[in-house]
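Enquirer: Quick one: the structure is below, and I'll ask about it shortly.
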Amino acid sequence: MRQLFQYLRTWVIVCLLCLVLGWTLPAQAATDVNSQLEKQVLEIIRNNPQFVINALQEYQLGKQEKLQKVQQAFLDDLKTKPEDIIGDSPTTGAAKSKTVLVEFSDFQCPYCAEVHKTLKSVVDKHKDNLTLVYKNFPLTGVHAEALPAAQAAWAAKQQGKFWEYHDALFENQKQLGETLYVDIAKKLNLNLAKFESDRKLAKTAVEKDLQLANDLGISGTPFLVINTGDYTGAVQASEIEGRLAKAS
């Protein structure tokens, strides 16, 4: 009986997720389920609504615990092995610093454009003891130009001009599009043939950042994480100066 309930609990979760998310059960899975077992499932659901609630709560708890482990591992590495978090991502400020600020951003996000101004000022002021790391998190569902802009910035990075290109994108955010991407490249004297070639190669690098953001459960931009003193975690742009002051 215990095995039956364990099976039913799993089956209930799958069925409910399919209903909630609009999935369709695979044909083979549907045909493999014994009709008698289906009746038992329906009977248990009718007679034990709390069973369904408990099953879903257990599922959500498991997901949350897994997410927390991923987040904690990220924060631990940011404090003890920041170079692992930085990877190949563009950085500005101090070449190497104990204080690392990681920014997940979207070039078409208006809030990111505002935070960009704050971060630029902060980095200029603390350029000797702060490293800013840029990670792409293009919200492609709502920002059609987020991914193309990120790819163009990555291509500029291959010619050592990421931050100049990055600044130009935010300063001309309302004009994002193919004409702007090429115009900025020209103004920065980039090799246009290489720029075009690198843009086609950029998707893998951008998707790597996107996967990290999704793994961390980040749902919006801008998202900032800083490691200062005994603190490691998400922070608002308005808090950065305070955190840096405490770390000094």
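Enquirer: Please list the three semi-axes, largest first and in whole Å, of the ellipsoid equivalent to region 72-247, using sqrt of 5 times the eigenvalues of its alpha carbon gyration tensor. Write down the numbers at each step before the final one.
Expert: Values: eigenvalues 140, 55, 48 Å².
They are 26, 17, 15 Å, listed largest first.
Enquirer: Over the Cα atoms of region 196-248, what radius of gyration and what Dmax do you get, in Å?
Expert: Reported Rg and Dmax, both Å: 15.3, 45.
Enquirer: Taking the Cβ-Cβ separation of residue 204 and residue 61 as r and a Förster radius of 45 Å, what is the calculated FRET efficiency to the nearest 0.05?
Expert: 0.85
Enquirer: For region 131-182, what is the largest minus smallest coordinate of the Cα atoms on each principal axis, given in angstrom and ordered from greatest to least?
Expert: Reported extents, whole Å, longest axis first: 29, 22, 18.
Enquirer: Now for a separate question. Determine the distance separating the Cα centre of region 119-134 from the Cα centre of region 160-187; give it in Å without decimals.
Expert: Computed from Cα coordinates, the inter-centre distance equals 21 Å.
FYI, it's all coordinate maths here, none of it is from the lab. Please read these numbers as outputs of a predicted model, since none were measured by experiment. With ideal geometry, Cβ positions are generated from the backbone for all residues, glycine too; neighbour counts draw on all protein chains shown.
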